[in-house]
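Quick note: the coordinates plus some simple rules give every number you see, no bench work behind them. Bear in mind that the values here come from a model prediction, so they are computed numbers and not experimental data. Don't worry about glycine lacking a Cβ; one is built from the backbone with ideal geometry, like all the others, and counts go over all protein chains shown.
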Amino acid sequence: MKRTLLAEFTAREGAEDDVAHLLRDYAQTVRKEDGNLAFDVYTKTSHPRAYWIFEVYRDEDAFQAHLDAPYGVPFNTALAPLIEEGASVLTFLDPVA
């Protein structure tokens with residue numbers, strides 16, 4: 001079964017450009033993962049510092065491979081001081097049958 005999630009966070013005021021740059025590079029890397037089916041980055045129109053990332057992985061193994069990738073920890077370490085929450089808020093999604 002596909003593993004689908006929504007990651008949410010808010011860039012700190014003044015850190016918008018740094019967050020956008022980090023996300024552009026990270027998204028390109030994640031999209032190259034064998035099991036990644038989607039890694040789509042959005043901002044909220046009415047609040048452009050609010051980010052939503054829609055992620056889909058082929059299955060649980062592909063998601064675990066994503067979590068174990070060597071570039072994930074450096075990305076999250078660089079992102080943490082740039083966002084209000086300190087870490088992405090993850091919401092796992094299930095399809096409606």
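Numbers for the structure displayed
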{"quantity": "Label-point separation in nm, Leu37 to Lys2, each point 7 Å along Cα→Cβ", "calculated": "0.3"}
{"quantity": "Amide H contacts under 5 Å for Thr10, placed H, 5+ residues apart", "calculated": "Tyr51, Glu84, Glu85"}
{"quantity": "Relative contact order for the stretch 31-85, counting Cα pairs under 8 Å that sit 6 or more residues apart, in percent", "calculated": "28"}
{"quantity": "The chain pair-distance distribution - Cα-Cα, 10 Å bins, rounded %", "calculated": "16, 50, 29, 5, 0"}
{"quantity": "Interchain or long-range residues, amide H under 5 Å from Leu93's placed H", "calculated": "Thr4, Leu5, Leu6"}
{"quantity": "Per-residue [θ]222 nm for the chain (sum of -39500 (n - 2.57) over DSSP H runs n ≥ 4, rounded to 500)", "calculated": "-10500 deg cm²/dmol"}
{"quantity": "Inter-site label distance for Ala97 and Val73 at 7 Å from Cα along Cβ, in nm", "calculated": "4.0"}
{"quantity": "Charge dipole magnitude, Cβ of K and R +1, D and E -1 - the chain, Cα centre, debye nearest 20", "calculated": "180"}
{"quantity": "Neighbourhood net charge (9 Å Cβ-Cβ; Lys/Arg +1, Asp/Glu -1) for Ala38", "calculated": "-1"}
